[in-house]
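The structure appears below as structure tokens.
The values are calculated or read from the model by the stated rules, or taken from the named source; none is laboratory data. What you are looking at is a predicted structure, and each value in this text was computed from that prediction instead of being measured. Glycine also receives a Cβ, built like all others from the backbone with ideal geometry; neighbour counts cover every protein chain displayed.
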């Protein structure tokens, strides 16, 4: 029995240039590294909510920094500090998980 891909005669690109400059293998490596970075330390197939929240807070801090730097809009220092503490706490607790005793 043929799969849907074989029946439709679909050929997926492998290691060929996509959009002229980037390779499909390169993009898949980046995505797998990001998934590995956000994966739970106990179960590699599940995302860790602490890591996802810390990563999103980090992205918000980077965006706020560049908005404050390159535009006339001033980001509140209290808001930036709060997001920075979320990043520090989230990544700190995630780092401590490596040293915690296994259950």
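Of note:
- Pairs where the first residue, in segment 54-75, is touching a residue at least 12 places away in the same chain (Cβ under 8 Å) and the second is loosely packed, with under 13 Cβ neighbours inside 10 Å and in a helix (DSSP H, G or I), C-beta under 8 Å, 6+ apart: 55/37; 64/79
- Exactly one residue out of 74, 42 is modelled with pLDDT of 85 or more and exposed (fewer than 12 other Cβ atoms within 10 Å of the Cβ), and it is 74.
- Reported count of residues in segment 59-78, each being over 22 Å from the mean Cα position of the chain (by Cα) and assigned to a helix (DSSP H, G or I), is 5.
- Of the criteria (1) within 25 Å of residue 33 (Cβ to Cβ); (2) out of contact with any helix residue (DSSP H, G or I) (no Cβ under 6 Å at 6 or more places or on another chain), which one residue 83 fails: (2)
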